[in-house]
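Asks: Before we start, here is the structure in question, set down as structure tokens.
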Amino acid sequence: MENCSVNDASRKLDRKTVERNRRIRMNGLIHELTSLVLPQHFVPSKEQLSQRDQIDQVAAYIMQLKDRVEKLRKTKELVKRKIKTKGSNTGNSAIPGSRIPVVKIREIGSSLEVVLVTGLGKNFGLHEVIIVLEEQGVEVVSISISTMDNRICHILHAQVKVSRLGVDTLTIYDRLQKLIN
């Protein structure tokens, strides 16, 4: 009889230990899952979120990512079809429907992305582009150059030196257009 109550007590302890270990493991997994999601994707709250709310927000974020991936996949297929139907009869188009040279400037906060697409017989030096940018208060951080068919694509990433003053992208665009044309 005494032996039976000792077994029951040890079984209860085993169940409690197993349950405690399960809860610790689940908490660790939930923490790992939420740490993979960037903080800005959580809805701001003055109180700490419960685990259920954290999991709900992570699930919503995953669904957003799935939708985005599907949308990008469809866009990619659409662009591929457009390129196939147009073929290579445009000869020197950098982007379907456009002619080279191409100048595109995109402002992202205090950063700037400059895309230049030219033919192989480009008539400017990359140092001239850098000079134009630096004269406008922008410091080039990185440059990527690639060639496809008869085109050269230059992508320059730059940082505005004095972010509170900003940068005049229209002036940069005009000067780059004059430089590469």
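The values are calculated or read from the model by the stated rules, or taken from the named source; none is laboratory data. Note that the structure is a prediction, hence the values are computed from the model and not measured. Cβ atoms come from the backbone with ideal geometry, glycine included; neighbour counts cover every protein chain shown. Remember, those area values only see protein heavy atoms, side chains included, never the ligands or the DNA or RNA. Shrake-Rupley method; radii C 1.70, N 1.55, O 1.52, S 1.80 Å.
Asks: Look through ILE152, ILE172 and report the one residue that is touching a Lys or Arg at 6+ places or on another chain (Cβ under 9 Å), hydrophobic (A, V, I, L, M, F, W, C) and at pLDDT 85 or above. So that I can check it myself, show each step before the final result.
Replies: Details: ILE172 fails: touching a Lys or Arg at 6+ places or on another chain (Cβ under 9 Å).
Testing whether each residue is touching a Lys or Arg at 6+ places or on another chain (Cβ under 9 Å), hydrophobic (A, V, I, L, M, F, W, C) and at pLDDT 85 or above leaves just ILE152.
Asks: To continue, here is another question. Any idea which residue in the stretch 107-134 is most open to solvent (accessible area, probe 1.4 Å), counting only those that are in contact (Cβ under 8 Å) with a residue 40 or more places away in the chain and of a type in the set (Asp, Glu)?
Replies: GLU107
Asks: In the stretch 138-172, what count of residues is obtained for those that are touching a residue at least 24 places away in the same chain (Cβ under 8 Å), under 19 Å from PHE124 (Cβ atoms) and open to solvent by 80 Å² or more (accessible area, probe 1.4 Å)?
Replies: 1
Asks: As an exercise: evaluate ARG73 against (1) open to solvent by 100 Å² or more (accessible area, probe 1.4 Å); (2) more than 30 Å from THR34 (Cα to Cα); (3) at pLDDT 90 or above and give the number of the one condition it does not meet.
Replies: Against the list (1) open to solvent by 100 Å² or more (accessible area, probe 1.4 Å); (2) more than 30 Å from THR34 (Cα to Cα); (3) at pLDDT 90 or above, ARG73 comes up short only on (2).
Results for (1) more than 23 Å from the chain's Cα centre (by Cα); (2) over 16 Å from LEU116 (Cα atoms); (3) not charged (D, E, K, R), shown as yes or no for each residue.
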position	(1), (2), (3)
ILE131	yes, no, yes
GLU135	yes, yes, no
ILE143	no, no, yes
VAL160	no, yes, yes
LEU170	yes, no, yes
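Asks: Against the condition open to solvent by 100 Å² or more (accessible area, probe 1.4 Å) and at pLDDT 90 or above, how does ARG23 come out, does it pass?
Replies: Taking the combined requirement at face value, the residue satisfies it.
Asks: If you don't mind, there's one more thing I want to ask. Quick one: is ILE62 more than 20 Å from the chain's Cα centre (by Cα), of a type outside the set (S, T, N, Q) and in a helix (DSSP H, G or I)?
Replies: The answer is no for ILE62.
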